[in-house]
Amino acid sequence: MKVLVVGNGGREHALAWKLLQSPQVEQVVCVPGNGGTANLADCQNLPLAVDDFVGISQYALANNISLVVVGPEVPLAKGITDYLQAQGLMVFGPVRAGAQIEASKAWAKALMQEAGIPTAKAAVFTEAAAAKSYVQSQGAPIVVKADGLAAGKGVIVATTIEQAASAIDAIFQGQFGSAGEFVVIEECLFGQEVSVLALTDGLTIRPLLPAQDHKRVGEGDTGENTGGMGAYCPAPIATTELMARVQTDVLEKAIATLRSKGIDYRGVLYAGLMITPEGDFKVLEFNCRFGDPETQVILPLLATPLLDLILACVEQRLAAVPITWHSGAAATVVAASGGYPGDYQKGKVITGIDAAETAKVTVFHAGTKLNDQQQVVTDGGRVLNVTGTGENFQQAIAQAYTGLKSIQFEGIYYRRDIGHRVLSAE
Ligand code: AMP
Ligand code: GLY
(Lines give C-alpha, C1' and ligand atoms only; values in the text may rest on other atoms or scores of the structure.)
(Ligands and ions follow the chains in the order given, each with its own letter.)
Protein backbone atom coordinates (compact mmCIF):
# COMPACT_ATOMS: atom_id res chain seq x y z
CA MET A 1 0.00 0.00 0.00
CA LYS A 2 1.15 3.56 -0.74
CA VAL A 3 0.35 6.24 1.82
CA LEU A 4 0.62 10.01 1.39
CA VAL A 5 1.44 12.06 4.51
CA VAL A 6 0.64 15.79 4.42
CA GLY A 7 3.02 18.07 6.34
CA ASN A 8 6.70 18.82 6.88
CA GLY A 9 7.43 18.68 10.60
CA GLY A 10 8.86 16.27 13.13
CA ARG A 11 5.36 14.91 13.56
CA GLU A 12 5.11 13.97 9.90
CA HIS A 13 8.58 12.40 9.89
CA ALA A 14 7.46 10.28 12.88
CA LEU A 15 4.19 9.36 11.13
CA ALA A 16 6.03 8.31 7.96
CA TRP A 17 8.62 6.34 9.98
CA LYS A 18 5.94 4.53 11.98
CA LEU A 19 3.71 3.85 8.98
CA LEU A 20 6.67 2.25 7.19
CA GLN A 21 6.95 -0.24 10.06
CA SER A 22 3.40 -1.46 9.32
CA PRO A 23 3.78 -4.63 7.22
CA GLN A 24 1.30 -3.50 4.58
CA VAL A 25 2.92 -0.13 3.87
CA GLU A 26 5.37 -0.29 0.95
CA GLN A 27 5.90 3.38 0.32
CA VAL A 28 5.20 6.78 1.84
CA VAL A 29 5.06 10.08 -0.02
CA CYS A 30 5.41 13.23 2.11
CA VAL A 31 3.92 16.52 0.95
CA PRO A 32 6.15 18.47 1.13
CA GLY A 33 8.23 16.57 3.74
CA ASN A 34 11.66 17.61 5.02
CA GLY A 35 15.29 16.45 5.01
CA GLY A 36 14.43 13.50 7.22
CA THR A 37 11.60 12.15 5.07
CA ALA A 38 13.78 12.71 1.97
CA ASN A 39 16.42 10.35 3.41
CA LEU A 40 14.04 7.79 4.93
CA ALA A 41 14.04 4.43 3.11
CA ASP A 42 10.91 3.86 1.00
CA CYS A 43 9.87 7.47 1.51
CA GLN A 44 9.96 10.35 -0.95
CA ASN A 45 9.01 14.00 -0.87
CA LEU A 46 6.59 15.72 -3.21
CA PRO A 47 7.08 19.50 -3.33
CA LEU A 48 3.48 20.70 -3.11
CA ALA A 49 1.92 23.04 -0.54
CA VAL A 50 -0.14 21.38 2.21
CA ASP A 51 -3.22 23.28 1.01
CA ASP A 52 -2.77 22.48 -2.69
CA PHE A 53 -5.77 20.17 -2.61
CA VAL A 54 -6.01 19.90 -6.40
CA GLY A 55 -2.32 19.01 -6.77
CA ILE A 56 -2.45 16.49 -3.94
CA SER A 57 -5.56 14.79 -5.27
CA GLN A 58 -4.26 14.63 -8.83
CA TYR A 59 -1.00 13.07 -7.66
CA ALA A 60 -2.78 10.61 -5.35
CA LEU A 61 -5.22 9.46 -8.02
CA ALA A 62 -2.52 9.10 -10.68
CA ASN A 63 -0.08 7.27 -8.37
CA ASN A 64 -2.15 4.62 -6.65
CA ILE A 65 -2.22 6.26 -3.22
CA SER A 66 -4.55 4.23 -0.99
CA LEU A 67 -4.62 6.52 2.04
CA VAL A 68 -3.89 10.16 2.86
CA VAL A 69 -2.85 11.00 6.45
CA VAL A 70 -3.06 14.71 7.28
CA GLY A 71 -0.61 16.12 9.87
CA PRO A 72 -1.27 19.85 10.36
CA GLU A 73 -4.43 21.72 11.31
CA VAL A 74 -4.40 24.30 8.51
CA PRO A 75 -5.35 21.96 5.63
CA LEU A 76 -7.91 20.21 7.88
CA ALA A 77 -9.52 23.54 8.75
CA LYS A 78 -9.58 24.41 5.04
CA GLY A 79 -11.41 21.18 4.24
CA ILE A 80 -8.74 18.89 2.76
CA THR A 81 -10.63 15.81 3.98
CA ASP A 82 -13.92 16.88 2.43
CA TYR A 83 -12.18 17.68 -0.87
CA LEU A 84 -10.13 14.48 -1.16
CA GLN A 85 -13.03 12.27 -0.04
CA ALA A 86 -15.16 13.79 -2.78
CA GLN A 87 -12.47 12.65 -5.26
CA GLY A 88 -12.83 9.10 -3.93
CA LEU A 89 -9.71 9.09 -1.73
CA MET A 90 -9.46 7.60 1.75
CA VAL A 91 -8.36 10.25 4.27
CA PHE A 92 -7.37 10.15 7.95
CA GLY A 93 -8.28 13.46 9.58
CA PRO A 94 -11.60 15.12 10.40
CA VAL A 95 -13.81 16.91 7.91
CA ARG A 96 -13.85 20.71 7.94
CA ALA A 97 -16.88 20.91 10.23
CA GLY A 98 -15.04 18.77 12.78
CA ALA A 99 -11.78 20.71 12.48
CA GLN A 100 -13.61 23.75 13.88
CA ILE A 101 -12.92 22.21 17.27
CA GLU A 102 -9.40 23.58 16.84
CA ALA A 103 -9.97 26.31 14.26
CA SER A 104 -12.50 28.25 16.35
CA LYS A 105 -11.97 28.60 20.06
CA ALA A 106 -15.45 30.12 20.44
CA TRP A 107 -17.02 27.13 18.68
CA ALA A 108 -15.00 24.69 20.76
CA LYS A 109 -15.95 26.47 23.97
CA ALA A 110 -19.65 26.32 23.06
CA LEU A 111 -19.31 22.61 22.29
CA MET A 112 -17.63 21.96 25.65
CA GLN A 113 -20.34 23.89 27.47
CA GLU A 114 -23.09 22.02 25.62
CA ALA A 115 -21.44 18.66 26.26
CA GLY A 116 -20.76 19.39 29.93
CA ILE A 117 -17.00 18.94 29.48
CA PRO A 118 -14.98 20.50 32.34
CA THR A 119 -13.31 23.66 31.01
CA ALA A 120 -12.35 27.14 32.17
CA LYS A 121 -15.18 29.63 32.57
CA ALA A 122 -15.21 31.87 29.49
CA ALA A 123 -17.10 34.53 27.58
CA VAL A 124 -16.97 35.46 23.89
CA PHE A 125 -16.97 39.05 22.60
CA THR A 126 -17.23 40.68 19.20
CA GLU A 127 -16.07 44.14 20.24
CA ALA A 128 -13.33 45.54 22.42
CA ALA A 129 -15.28 47.73 24.89
CA ALA A 130 -17.46 44.88 26.15
CA ALA A 131 -14.47 42.55 26.35
CA LYS A 132 -12.53 45.11 28.40
CA SER A 133 -15.35 45.73 30.83
CA TYR A 134 -15.69 41.99 31.34
CA VAL A 135 -11.95 41.85 32.11
CA GLN A 136 -12.43 44.69 34.63
CA SER A 137 -15.19 42.73 36.33
CA GLN A 138 -13.15 39.50 36.49
CA GLY A 139 -9.72 40.90 37.39
CA ALA A 140 -6.27 39.51 36.51
CA PRO A 141 -4.63 37.12 35.82
CA ILE A 142 -6.92 36.34 32.90
CA VAL A 143 -6.49 34.67 29.53
CA VAL A 144 -7.26 36.38 26.21
CA LYS A 145 -7.59 34.22 23.08
CA ALA A 146 -7.95 35.15 19.43
CA ASP A 147 -10.64 33.00 17.88
CA GLY A 148 -9.07 31.34 14.86
CA LEU A 149 -5.86 29.51 13.99
CA ALA A 150 -2.91 31.69 14.92
CA ALA A 151 -0.08 29.13 14.81
CA GLY A 152 -0.09 28.84 18.58
CA LYS A 153 0.41 32.59 19.07
CA GLY A 154 -3.19 33.66 19.67
CA VAL A 155 -3.27 33.05 23.44
CA ILE A 156 -2.17 35.73 25.89
CA VAL A 157 -2.01 34.83 29.56
CA ALA A 158 -2.35 38.38 30.95
CA THR A 159 -1.04 39.05 34.43
CA THR A 160 -2.57 42.54 34.60
CA ILE A 161 -5.80 44.15 33.41
CA GLU A 162 -3.75 46.55 31.25
CA GLN A 163 -2.01 43.66 29.53
CA ALA A 164 -5.36 41.99 28.86
CA ALA A 165 -6.74 45.25 27.43
CA SER A 166 -3.83 45.64 25.01
CA ALA A 167 -4.18 41.99 23.95
CA ILE A 168 -7.86 42.65 23.20
CA ASP A 169 -6.92 45.69 21.09
CA ALA A 170 -4.23 43.73 19.25
CA ILE A 171 -6.68 40.97 18.38
CA PHE A 172 -9.40 43.31 17.12
CA GLN A 173 -6.78 45.26 15.13
CA GLY A 174 -6.12 42.07 13.22
CA GLN A 175 -2.64 41.28 14.54
CA PHE A 176 -3.56 37.59 14.51
CA GLY A 177 -4.87 37.70 10.97
CA SER A 178 -8.35 36.37 10.36
CA ALA A 179 -8.38 35.26 13.98
CA GLY A 180 -9.55 38.78 14.83
CA GLU A 181 -13.34 38.67 14.70
CA PHE A 182 -14.02 37.25 18.14
CA VAL A 183 -12.13 37.24 21.36
CA VAL A 184 -12.53 34.60 24.02
CA ILE A 185 -11.80 35.73 27.59
CA GLU A 186 -11.12 32.91 29.94
CA GLU A 187 -10.46 32.21 33.60
CA CYS A 188 -6.77 31.58 34.21
CA LEU A 189 -6.04 28.00 35.28
CA PHE A 190 -2.99 26.81 37.18
CA GLY A 191 -1.35 23.42 37.30
CA GLN A 192 0.41 21.01 34.97
CA GLU A 193 -0.56 20.59 31.34
CA VAL A 194 -0.90 17.18 29.76
CA SER A 195 -1.74 16.18 26.19
CA VAL A 196 -4.20 13.34 25.65
CA LEU A 197 -4.30 12.39 21.99
CA ALA A 198 -7.17 10.05 21.15
CA LEU A 199 -8.05 8.11 18.01
CA THR A 200 -11.66 8.06 16.91
CA ASP A 201 -13.78 6.59 14.15
CA GLY A 202 -16.72 8.84 14.99
CA LEU A 203 -18.31 6.28 17.31
CA THR A 204 -15.53 4.79 19.42
CA ILE A 205 -12.80 6.98 20.91
CA ARG A 206 -9.64 5.65 22.56
CA PRO A 207 -6.78 7.57 24.12
CA LEU A 208 -3.15 7.03 23.21
CA LEU A 209 -0.61 7.22 26.04
CA PRO A 210 -0.61 10.68 27.67
CA ALA A 211 2.35 12.96 26.99
CA GLN A 212 3.74 16.22 28.32
CA ASP A 213 5.72 18.80 26.44
CA HIS A 214 7.98 21.67 27.52
CA LYS A 215 6.68 24.84 25.90
CA ARG A 216 9.15 27.43 27.20
CA VAL A 217 12.46 28.04 25.49
CA GLY A 218 14.57 28.24 28.65
CA GLU A 219 15.70 25.78 31.26
CA GLY A 220 13.50 25.54 34.32
CA ASP A 221 10.51 26.21 32.00
CA THR A 222 11.31 29.90 31.71
CA GLY A 223 11.41 32.44 28.87
CA GLU A 224 9.27 32.69 25.77
CA ASN A 225 6.68 30.18 24.62
CA THR A 226 7.68 27.99 21.68
CA GLY A 227 6.15 25.23 19.61
CA GLY A 228 7.69 22.82 22.14
CA MET A 229 11.32 22.18 23.20
CA GLY A 230 10.89 18.58 24.27
CA ALA A 231 8.35 16.00 25.40
CA TYR A 232 8.01 12.70 27.19
CA CYS A 233 5.58 9.84 27.42
CA PRO A 234 3.75 8.27 29.28
CA ALA A 235 3.12 11.29 31.53
CA PRO A 236 2.86 9.93 35.10
CA ILE A 237 0.60 12.78 36.20
CA ALA A 238 -2.16 11.30 34.02
CA THR A 239 -2.85 8.33 36.28
CA THR A 240 -5.09 5.43 35.25
CA GLU A 241 -7.82 6.88 37.41
CA LEU A 242 -7.51 10.30 35.77
CA MET A 243 -7.45 8.78 32.27
CA ALA A 244 -10.69 6.92 33.06
CA ARG A 245 -12.33 10.23 33.94
CA VAL A 246 -10.93 11.85 30.80
CA GLN A 247 -12.47 9.01 28.77
CA THR A 248 -16.00 9.49 30.16
CA ASP A 249 -16.02 13.22 30.94
CA VAL A 250 -14.11 14.51 27.91
CA LEU A 251 -13.56 12.13 25.03
CA GLU A 252 -16.90 10.31 24.93
CA LYS A 253 -18.85 13.50 25.58
CA ALA A 254 -16.99 15.33 22.81
CA ILE A 255 -17.55 12.65 20.20
CA ALA A 256 -21.23 12.20 21.15
CA THR A 257 -21.83 15.95 20.93
CA LEU A 258 -20.06 16.17 17.57
CA ARG A 259 -22.24 13.32 16.34
CA SER A 260 -25.39 15.06 17.61
CA LYS A 261 -24.42 18.00 15.39
CA GLY A 262 -24.22 15.69 12.39
CA ILE A 263 -20.39 15.71 12.37
CA ASP A 264 -18.81 12.35 11.60
CA TYR A 265 -15.41 13.02 13.19
CA ARG A 266 -12.72 10.47 12.28
CA GLY A 267 -9.08 11.07 13.09
CA VAL A 268 -7.24 12.40 16.11
CA LEU A 269 -8.98 14.36 18.83
CA TYR A 270 -6.31 15.89 21.05
CA ALA A 271 -7.38 17.25 24.43
CA GLY A 272 -4.97 19.69 26.08
CA LEU A 273 -5.71 19.43 29.79
CA MET A 274 -4.72 21.45 32.82
CA ILE A 275 -4.40 19.28 35.90
CA THR A 276 -4.87 21.31 39.06
CA PRO A 277 -2.78 20.71 42.18
CA GLU A 278 -5.89 19.01 43.68
CA GLY A 279 -5.90 16.44 40.85
CA ASP A 280 -8.92 17.85 39.04
CA PHE A 281 -8.68 18.71 35.39
CA LYS A 282 -10.14 21.06 32.81
CA VAL A 283 -9.81 21.13 29.04
CA LEU A 284 -7.69 24.07 27.82
CA GLU A 285 -8.17 23.33 24.15
CA PHE A 286 -8.94 20.67 21.61
CA ASN A 287 -6.79 20.05 18.55
CA CYS A 288 -7.98 18.17 15.49
CA ARG A 289 -4.63 16.47 14.75
CA PHE A 290 -1.59 14.74 16.24
CA GLY A 291 0.50 16.93 18.56
CA ASP A 292 4.01 18.04 17.76
CA PRO A 293 6.35 17.05 19.49
CA GLU A 294 4.08 14.64 21.43
CA THR A 295 3.75 12.32 18.42
CA GLN A 296 7.54 11.89 18.40
CA VAL A 297 7.36 10.29 21.88
CA ILE A 298 4.02 8.48 21.59
CA LEU A 299 4.62 6.58 18.36
CA PRO A 300 7.93 4.93 19.41
CA LEU A 301 5.98 3.25 22.24
CA LEU A 302 3.06 2.07 20.06
CA ALA A 303 3.12 -1.69 19.45
CA THR A 304 -0.01 -2.04 17.27
CA PRO A 305 0.84 -1.22 13.64
CA LEU A 306 -0.15 2.41 13.10
CA LEU A 307 -1.73 1.60 9.75
CA ASP A 308 -4.15 -0.86 11.39
CA LEU A 309 -5.36 1.82 13.77
CA ILE A 310 -5.67 4.49 11.09
CA LEU A 311 -7.63 2.19 8.78
CA ALA A 312 -9.86 1.15 11.69
CA CYS A 313 -10.68 4.83 12.27
CA VAL A 314 -11.33 5.58 8.62
CA GLU A 315 -13.45 2.43 8.15
CA GLN A 316 -15.29 2.91 11.45
CA ARG A 317 -14.28 -0.33 13.17
CA LEU A 318 -11.99 0.97 15.90
CA ALA A 319 -13.97 -0.89 18.62
CA ALA A 320 -12.60 -4.17 17.22
CA VAL A 321 -8.90 -3.21 17.14
CA PRO A 322 -6.96 -3.21 20.43
CA ILE A 323 -4.22 -0.63 21.01
CA THR A 324 -1.12 -2.19 22.55
CA TRP A 325 2.07 -0.55 23.83
CA HIS A 326 5.69 -1.33 24.46
CA SER A 327 6.70 -0.97 28.10
CA GLY A 328 9.05 1.79 29.17
CA ALA A 329 9.29 5.45 28.31
CA ALA A 330 10.25 7.82 25.51
CA ALA A 331 11.65 11.34 25.60
CA THR A 332 12.50 13.81 22.86
CA VAL A 333 14.79 16.83 23.00
CA VAL A 334 14.40 19.55 20.38
CA ALA A 335 17.59 20.90 18.83
CA ALA A 336 16.76 24.44 17.72
CA SER A 337 18.47 27.15 15.70
CA GLY A 338 20.22 29.75 17.90
CA GLY A 339 17.85 32.70 18.42
CA TYR A 340 14.61 30.71 18.16
CA PRO A 341 11.78 31.60 18.88
CA GLY A 342 13.09 35.00 17.75
CA ASP A 343 15.20 35.53 14.61
CA TYR A 344 17.57 32.79 13.52
CA GLN A 345 19.59 31.80 10.45
CA LYS A 346 18.87 28.90 8.11
CA GLY A 347 21.01 26.78 5.83
CA LYS A 348 23.55 25.51 8.42
CA VAL A 349 24.97 22.09 7.56
CA ILE A 350 24.00 19.42 10.13
CA THR A 351 26.42 16.59 10.88
CA GLY A 352 26.32 13.50 13.07
CA ILE A 353 22.71 12.39 12.60
CA ASP A 354 23.69 8.89 11.46
CA ALA A 355 26.12 8.52 14.35
CA ALA A 356 23.39 9.53 16.80
CA GLU A 357 20.88 6.91 15.67
CA THR A 358 20.85 3.54 17.45
CA ALA A 359 18.20 0.98 18.41
CA LYS A 360 17.24 3.37 21.21
CA VAL A 361 17.71 6.73 19.50
CA THR A 362 15.75 8.04 16.54
CA VAL A 363 16.24 11.51 15.09
CA PHE A 364 13.03 13.00 13.70
CA HIS A 365 13.67 16.02 11.52
CA ALA A 366 11.55 19.13 11.85
CA GLY A 367 13.01 22.23 10.12
CA THR A 368 15.54 20.60 7.79
CA LYS A 369 15.95 20.16 4.06
CA LEU A 370 18.49 18.78 1.61
CA ASN A 371 20.60 21.43 -0.14
CA ASP A 372 21.86 21.21 -3.73
CA GLN A 373 24.75 18.96 -2.61
CA GLN A 374 22.24 16.64 -0.86
CA GLN A 375 23.52 17.72 2.57
CA VAL A 376 20.99 18.04 5.39
CA VAL A 377 20.79 21.72 6.39
CA THR A 378 18.74 23.68 8.92
CA ASP A 379 15.56 25.19 7.53
CA GLY A 380 13.54 26.31 10.55
CA GLY A 381 13.54 27.26 14.21
CA ARG A 382 13.03 23.80 15.61
CA VAL A 383 15.44 21.64 13.65
CA LEU A 384 15.58 18.09 15.05
CA ASN A 385 13.75 15.98 17.63
CA VAL A 386 16.25 13.57 19.14
CA THR A 387 14.13 10.82 20.67
CA GLY A 388 15.35 8.23 23.14
CA THR A 389 13.56 5.19 24.52
CA GLY A 390 14.34 3.07 27.56
CA GLU A 391 12.92 1.07 30.41
CA ASN A 392 12.29 4.26 32.39
CA PHE A 393 12.60 8.03 32.00
CA GLN A 394 16.16 8.12 33.26
CA GLN A 395 17.26 5.78 30.46
CA ALA A 396 15.11 7.36 27.76
CA ILE A 397 16.30 10.89 28.57
CA ALA A 398 19.94 9.76 28.81
CA GLN A 399 19.64 8.11 25.38
CA ALA A 400 18.29 11.32 23.83
CA TYR A 401 21.14 13.40 25.28
CA THR A 402 23.75 10.84 24.23
CA GLY A 403 22.39 11.08 20.68
CA LEU A 404 22.59 14.87 20.81
CA LYS A 405 26.30 14.77 21.62
CA SER A 406 27.03 13.50 18.10
CA ILE A 407 24.95 16.16 16.36
CA GLN A 408 26.36 19.51 15.34
CA PHE A 409 25.32 22.58 13.44
CA GLU A 410 26.31 26.21 13.87
CA GLY A 411 24.23 27.82 16.62
CA ILE A 412 22.63 24.60 17.91
CA TYR A 413 20.57 25.20 21.07
CA TYR A 414 18.73 22.70 23.22
CA ARG A 415 17.46 22.54 26.77
CA ARG A 416 19.48 20.34 29.09
CA ASP A 417 16.62 19.71 31.51
CA ILE A 418 13.94 17.99 29.44
CA GLY A 419 11.92 15.71 31.72
CA HIS A 420 13.16 17.31 34.95
CA ARG A 421 9.80 16.74 36.64
CA VAL A 422 9.60 13.03 35.85
CA LEU A 423 13.26 12.50 36.68
CA SER A 424 12.87 13.98 40.14
CA ALA A 425 9.71 11.92 40.69
CA GLU A 426 11.39 8.73 39.44
P1 AMP B 1 -4.59 26.89 23.75
O2 AMP B 1 -4.18 27.06 22.33
O3 AMP B 1 -5.98 27.35 24.04
O4 AMP B 1 -4.27 25.59 24.38
O5 AMP B 1 -3.57 27.78 24.56
C6 AMP B 1 -2.19 27.63 24.42
C7 AMP B 1 -1.54 27.65 25.75
O8 AMP B 1 -1.94 28.78 26.51
C9 AMP B 1 -1.90 26.45 26.61
O10 AMP B 1 -1.13 25.34 26.31
C11 AMP B 1 -1.63 27.01 28.00
O12 AMP B 1 -0.24 27.00 28.28
C13 AMP B 1 -2.07 28.44 27.88
N14 AMP B 1 -3.49 28.58 28.30
C15 AMP B 1 -4.58 28.48 27.51
N16 AMP B 1 -5.71 28.63 28.22
C17 AMP B 1 -5.34 28.85 29.49
C18 AMP B 1 -6.05 29.08 30.72
N19 AMP B 1 -7.39 29.15 30.75
N20 AMP B 1 -5.34 29.24 31.84
C21 AMP B 1 -3.98 29.19 31.81
N22 AMP B 1 -3.25 28.99 30.71
C23 AMP B 1 -3.91 28.82 29.55
N1 GLY C 1 2.52 20.36 21.29
C2 GLY C 1 1.41 21.22 21.12
C3 GLY C 1 0.65 21.03 19.88
O4 GLY C 1 0.89 20.15 19.08
O5 GLY C 1 -0.29 21.80 19.67
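The values are calculated or read from the model by the stated rules, or taken from the named source; none is laboratory data. Note that this is a predicted model, so its numbers are computed, not measured. As a convention, Cβ positions derive from the backbone with ideal geometry for all residues, glycine included, and neighbour counts pool all protein chains shown. Side chains are part of the model used for accessible areas, which takes the heavy atoms of the whole protein and leaves out ligands, DNA and RNA. Shrake-Rupley method; radii C 1.70, N 1.55, O 1.52, S 1.80 Å.
Annotations
- Members of segment 387-402 found to be among the small types (Gly, Ala, Ser), in a helix (DSSP H, G or I) and in contact (Cβ under 8 Å) with a residue 24 or more places away in the chain, listed by number: Ala396, Ala400
- Residue count for segment 390-407, restricted to those that are open to solvent by 30 Å² or more (accessible area, probe 1.4 Å) and either among the acidic types (Asp, Glu) or touching a strand residue (DSSP E or B) at 6+ places or on another chain (Cβ under 6 Å) (or both): 3
- Residue among Gly218, Gly202 that is surrounded by fewer than 21 Cβ atoms within 10 Å (Cβ to Cβ), within 30 Å of Arg317 (Cβ to Cβ) and more than 12 Å from ligand 2 (Cβ to nearest atom): Gly202
- The listed residue being more than 30 Å from Phe92 (Cβ to Cβ), at pLDDT 90 or above and in contact with a helix residue (DSSP H, G or I) (Cβ under 7 Å, 6 or more places away or on another chain), out of Ile156, Ile205, Ile168: Ile168
- Selection from segment 235-245 of residues that are open to solvent by less than 40 Å² (accessible area, probe 1.4 Å) and more than 16 Å from ligand 1 (Cβ to nearest atom): Leu242, Met243
- For Glu315, the conditions (1) within 16 Å of ligand 1 (Cβ to nearest atom); (2) at pLDDT 95 or above; (3) open to solvent by 10 Å² or more (accessible area, probe 1.4 Å); (4) of a type in the set (Asp, Glu) are fulfilled apart from (1).
- Residue match in segment 233-242 (condition: part of a strand (DSSP E or B), within 16 Å of ligand 2 (Cβ to nearest atom) and touching a residue at least 24 places away in the same chain (Cβ under 8 Å)): yes
- Segment 195-226 - residue that is acidic (Asp, Glu) and part of a strand (DSSP E or B) and, of those, nearest to ligand 1 (Cβ to nearest atom): Asp213
- Residue within segment 268-288 that is buried (at least 24 other Cβ atoms within 10 Å of the Cβ), under 23 Å from Val386 (Cα atoms) and in contact with a Pro (Cβ under 8 Å, 6 or more places away or on another chain) present: no
- First in segment 199-220 and free of Cβ contacts under 8 Å to residues at least 24 places away in the same chain, second anywhere and open to solvent by 10 Å² or more (accessible area, probe 1.4 Å) and within 15 Å of ligand 1 (Cβ to nearest atom), Cβ under 6 Å, 6 or more apart: Lys215/Asn225; Arg216/Thr222; Arg216/Gly223
- Among residues of segment 248-278 being of a type in the set (Gly, Ala, Ser) and closer than 26 Å to Thr332 by Cα, the one that is farthest from ligand 1 (Cβ to nearest atom) is Gly267.
- Among (1) in a loop (DSSP other than H, G, I, E, B); (2) out of contact with any helix residue (DSSP H, G or I) (no Cβ under 8 Å at 6 or more places or on another chain); (3) within 23 Å of Ser424 (Cβ to Cβ); (4) open to solvent by less than 40 Å² (accessible area, probe 1.4 Å), the one test that Met229 misses: (1)
- Among the residues of segment 276-299, those that are in contact (Cβ under 8 Å) with a residue 24 or more places away in the chain and away from ligand 2 (no atom under 16 Å from the Cβ) comprise Thr276, Pro277, Gly279, Asp280, Phe281, Lys282.
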